[in-house]
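Reading through the structure tokens given below for one structure.
The values are calculated or read from the model by the stated rules, or taken from the named source; none is laboratory data. Quick caveat, the model's predicted, so the values are computed rather than measured. Cβ: placed from backbone, ideal geometry, glycine included. Neighbour counts: every protein chain shown.
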């Protein structure tokens, strides 16, 4: 076999495997973020992507997403998910007070309490087209919103603190609807990346090619946006980093249902649905 055929076979095998992995993750010729769905070993019954969302059935669903074109890209999930696997820093602490003993080499450690410290989620957000840019803008605005209290003209909710969200990701025994509050977030807007324009509330129009070559290469649709200058326009970076600092929060009533035995066996979340971690 010639060197050319060997290179061709190796390259072909690599490309086929790459395409298979992309299809297994829900990615095909359409690269828009909302169509990507991560799966373990081909399973489709559980979405394990890291996401922050309003609790299902919350009174705030319509408050945030009803007739709101800016947050419309997040409507299907009541929040947002990280399109790429993020880095997470998780720390659990057991706090002890050191009691000094007279004429002793070692202090006595008196247990005080345990806690889950702030969870830091750091993820990259790629933006490849106007539809992805809409999702990025909606995500940033959603995080801005959930770090503010209800104030001013918010009749019915005025005086309430920022909403409690649910953290999910990586399956049942990692994060399954964990109640959290967002303490901080930051967005890195880099100066060495391009920016893509998007118009919130604009209808995406699709124009098709008639060329057989274009169809075979998967470029059958081009996304264009309305030229209406009255529609708000925003520029989103093609790649940015979003970091979110969250802390679990549990009500006194939910803490009454805690059982260390059930927690250790991993059955506590299934029986109570509280999301202890």
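Please list, ordered by first then second residue, the pairs with beta carbon atoms under 6 Å, 6 or more apart or interchain, first in the stretch 45-69 and closer than 17 Å to residue 162 by Cβ, second modelled with pLDDT under 85 and assigned to a helix (DSSP H, G or I).
Once the first residue is closer than 17 Å to residue 162 by Cβ and sits in the stretch 45-69, no partner that is modelled with pLDDT under 85 and assigned to a helix (DSSP H, G or I) comes close enough.
Can you report the number of residues in the stretch 147-176 which are modelled with pLDDT under 90 and either in a strand (DSSP E or B) or crowded, with 18+ Cβ neighbours inside 10 Å (or both)?
1
If the requirement is being in contact with a strand residue (DSSP E or B) (Cβ under 7 Å, 6 or more places away or on another chain), farther than 18 Å from residue 55 by Cα and surrounded by 12 or more Cβ atoms within 10 Å (Cβ to Cβ), which of these qualifies: 108, 125?
125
Testing residue 197 on (1) over 30 Å from residue 120 (Cβ atoms); (2) modelled with pLDDT of 85 or more; (3) part of a loop (DSSP other than H, G, I, E, B), one condition comes back false. Which one is that?
(3)
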